[in-house]
Amino acid sequence: MVGLIVVGCTIATGLALLALRENINLFFSPSQIVDGTAPSNTTIRLGGMVVSGSIQRGENLGVTFVLTDLAEQVTVAYEGILPDLFREGQGIVTQGKLDSSGRFLAQQVLAKHDETYMPPEVNDALRKVMAVDQ
Amino acid sequence: MSLPRSDQSGHSDISLGTAFHRLGSPPSVYRLATQLTPWFAWAAVACFGIGLYGALVVAPPDYQQGHAYRIIFVHVPAAWLSMAVYVVFAIAGAVGLIWHIKVGFIVARTSALIGATYTFLALATGSIWGKPMWGAWWVWDARLTSELVLLLLYLGYLALDSAIDDRRTAGRAGAVLALVGLVNLPIIHYSVEWWNTLHQGATVTKLGAPSIHIDMLVPLLIMGIAFKMHYLTVLMLGVRAGLLKQEKRASWVKTLSPAR
C-alpha cells in the first residue's frame, strides 16, 4: 500500500513534469530576439552574457549594455540598481519588453553565478596559468 | 500491570515483530531519548562553535562575492537538512502506518516542525542574499519553487495533524501526506540540472570533486554536522514531550520522579 502511494505519485508527477517540460522556458536568447521568435510588445525574459566594454552609464541610475549569446547581440536599457554580481562577461537574465527599434527595455536585471567558490588569490593564480597556456 | 503498556501489543507473532515493538515501546524510547539528549546537545554546541569560527574567521572571501558568500554556511546546511529531515519524517510516518508504532507518529510530527523551520531558514537566507546578488528577493525558478512546495508540504501536514482530534487517525492521515510529498525531494535536488534556473548548480553534492576551495568546504561540512546534531537534540526533546503527553495516564509515566 505504502509502496503503491510512493510509486504512483512519482509516476504521476513525472508525467506532469514531462508534459510541462517544453513550457518551462526561462528566457529567450538574443538570437531568438533578432530572428523574431520572441514576441514583441509583451513582457519576456532575455538571457545572455554581458559584452565586455559595452556598459554605458547614463543619467541617474540609467545604464545600457549589450547582451550576446555569441551569435547575435541585443542592446538593453535599464534604470535601477544593478545586482552585485553584474559585470562584464557575466551571464544575466533580464525581464522587460522590446521597443520598436529593437532595443530591450528591462524592468528587472538578474545576475546568475556558477557553483564555483574560491579565494581571490586562487582565481588570480588560475588566470596566470591560463595566460601562460595561451 | 507490572509490564509497561505498549501500544498495539495485541500482536501474537513472537520473534522480530515482538522485539521491534518492545524497542518501539514508549518507556524504552523515552529512556533512550533522555540518555541521548546531552550527547547530541554538546556535539551541536561544539560543532557550531568550531564551524562558525571556521566560517566567519578562517575561511577566505570569495573571488566574486567577497564576504557576502558567507551566508552559505547557514543557507546550505539548512537546505540540506530541510530535505534530510523530510526523509526521516516520511520514514517515521511509514513505520507508524505499517507497524502501528505510535512513536513513529511522534517522531514524524516533531520532525515536521523542525523541518519546516529549516526550510523557512533556507528560503529566508537565500532571499536576503538574493536581493543584493541576483537583484531580486524571489524568482519563480524551479529550485526556489520546489523548496517552497516543501515548506507548504510541512505546513500542510502540521495543519492536517492539528485538525484531527484522534491521535491515531491524525498520525495515519499525516503519514500518507508525508509519503505523497516524498516525490518532491528528487525534484528539488535535480531541479538545477533539469531546468535552466537562476539558482546555481550543485557545488558539493555532485559527482566528482566539489567546486569549492577546501578552506571553505571544511567549515561548511562542520556546519552541516552541527545542524544535524541540532536536529537530533530537538528531536529527542520533542519525542520526550510527545511521549509524556500521549502516555500521561500510563503507569510508567507516574513512576517518573518529579525531580527529573
Item to check | Condition check for B:ILE106: part of a helix (DSSP H, G or I), out of contact with any strand residue (DSSP E or B) (no Cβ under 8 Å at 6 or more places or on another chain) and surrounded by fewer than 22 Cβ atoms within 10 Å (Cβ to Cβ) | outcome: no
Checklist entry - Residues in the stretch B:204-218: is at least one touching a helix residue (DSSP H, G or I) at 6+ places or on another chain (Cβ under 7 Å) and more than 10 Å from every other protein chain (Cβ to nearest Cβ)? => result yes
Checklist outcome for this item: Across the stretch A:56-66, the tally of residues that are under 15 Å from A:ARG103 (Cβ atoms) and at pLDDT 85 or above stands at 6
Next on the checklist: Go through the stretch B:156-195 and report how many residues are at the interface with chain A (Cβ under 9 Å from one of its Cβ atoms) and either in contact (Cβ under 8 Å) with a residue 12 or more places away in the chain or open to solvent by less than 20 Å² (accessible area, probe 1.4 Å) (or both).
Outcome noted: 10
Checklist outcome for this item: Listed by range, strands (runs of 3 or more DSSP E) wholly within the stretch A:45-134 having at least 1 residues that are within 11 Å of chain B (Cβ to nearest Cβ) are A:73-79, A:91-98, A:104-111
Checklist outcome for this item: Listed by first then second residue, the pairs whose first member lies in the stretch A:54-67 and is within 13 Å of A:PHE86 (Cα to Cα), whose partner is in a loop (DSSP other than H, G, I, E, B), with beta carbons under 6 Å and at least 6 positions apart or on separate chains, are A:PHE65/A:SER54; A:PHE65/A:ILE55; A:VAL66/A:VAL51; A:VAL66/A:SER54
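The values are calculated or read from the model by the stated rules, or taken from the named source; none is laboratory data. Just so you know, these numbers come straight off a predicted model, no measurement behind them. Note that each Cβ is placed from the backbone with ideal geometry, even for glycine, and that neighbours are counted across all protein chains shown. For the accessible areas, the whole protein counts, side chains as well, though only heavy atoms, and no ligand, DNA or RNA atoms are used. Shrake-Rupley method; radii C 1.70, N 1.55, O 1.52, S 1.80 Å.
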